[in-house]
Amino acid sequence: MTLTVRVISPDKTVWDAEADEVILPSTTGQLGILSGHAPMLTALDIGVMRVRATKNASWQAIALLGGFAEVDQDEVTILVNGAERGDKIQLEEARTAFNEAQSGLNQVKPEDRQAQIQATKVLKRARARFQAAGGLV
């Protein structure tokens, strides 16, 4: 038995296919979904979702920029603020953005809380894209 997995961002459907397994970056940690999973709704953090496609049994990585996931009767619907498939991300571009985000966070003054929050968010997004592209395993 398989799962029907859909990843929907505001501007497009990023993934719509059958899968054997899904690993989601929930706000409370990594969450694995197999067929027969109990119904649930969970908040998603910025991170990498991994999908084991039924068609070729290979793992696909998708960078998610936060949102929600619903699991019900072997259907996984993921509504996100933004998403990008790892195979569509240029690895060197993602590496550069990740390094720049790390430097940016290091340059923020500790007393500037708002700037720290923003720089941390930029770093999490850059890390997710870099991981999805195949860097930072």
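For the stretch 118-137, the candidate set comprises residues that are in contact with a Phe, Trp or Tyr (Cβ under 8 Å, 6 or more places away or on another chain) and of a type in the set (D, E, K, R); within that set, the residue that is least open to solvent (accessible area, probe 1.4 Å) is Arg129. When Ala63, Ala101, Ala43, Ala94 are checked against the criterion of being within 16 Å of Ala128 (Cα to Cα), free of Cβ contacts under 8 Å to residues at least 40 places away in the same chain, among the hydrophobic types (A, V, I, L, M, F, W, C) and not in a loop (DSSP other than H, G, I, E, B), a single residue qualifies: Ala101. Among the residues of the stretch 1-16, the one identified as in a strand (DSSP E or B), open to solvent by 40 Å² or more (accessible area, probe 1.4 Å) and more than 26 Å from Ala126 (Cβ to Cβ) is Asp16. Does Gln30 qualify as being outside any strand (DSSP E or B), in contact with a strand residue (DSSP E or B) (Cβ under 8 Å, 6 or more places away or on another chain), open to solvent by 20 Å² or more (accessible area, probe 1.4 Å) and farther than 14 Å from Leu3 by Cα? No: the conditions fail for Gln30.
Return the total of residues in the stretch 21-49 being under 14 Å from Ala61 (Cα atoms) and of a type in the set (D, E, K, R). The number of residues fulfilling the criteria is 1.
The values are calculated or read from the model by the stated rules, or taken from the named source; none is laboratory data. A quick note: this is a predicted structure, and the numbers were derived from the prediction, not measured. Note that each Cβ is placed from the backbone with ideal geometry, even for glycine, and that neighbours are counted across all protein chains shown. Surface areas here come from the heavy atoms of the whole protein model, side chains and all, with no ligands, DNA or RNA. Shrake-Rupley method; radii C 1.70, N 1.55, O 1.52, S 1.80 Å.
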